[in-house]
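Report on the following structure.
Please treat every number below as a calculation from the coordinates, not as lab data. All figures in this text were calculated on a predicted structure; none of them were measured in a lab. No Cβ is skipped: glycine too gets one built from the backbone with ideal geometry, and neighbour counts run over all protein chains shown.
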Amino acid sequence: MTHETHPSTPDEAIAWRSVKWRTWAGWIVVAILAWRYLVHPITSAILVSRGHDPLPPIQALDLADAAAIIGLPIGGSFADKMAPDD
């Protein structure tokens with residue numbers, strides 16, 4: 001598969017510009033979920049096994065948190081569409 005330096009349609013140009021946003025937004029979502037469900041509980045368990053106090057519990061996600069996590073890739077996509085063409 002070859003990579004074209006100049007996309008042939010405006011939709012392809014927007015899609016290639018939004019890849020950067022979607023990639024970073026995806027990694028941020030992965031980092032949030034990894035911290036919440038892997039790193040925090042494992043770290044807390046290790047601390048307890050060594051005689052320390054556990055980490056404070058993470059508060060439950062509310063609607064605003066879920067909207068922020070879901071909105072990252074969507075907002076980046078809209079930002080790419082609204083950006084002036086070079």
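Kindly state, to the nearest 0.05, the FRET efficiency for Ala31 paired with Ser8, given R0 = 30 Å and r defined as their beta-carbon distance.
Values: r = 35 Å, r/R0 = 1.17.
After rounding to 0.05, the efficiency reads 0.30.
Say R0 is 30 Å: what FRET efficiency, to the nearest 0.05, do His40 and Ala66 get from their beta-carbon distance? Before the final figure, lay out each step's value.
Numbers: r = 18 Å, r/R0 = 0.59.
It comes to 0.95.
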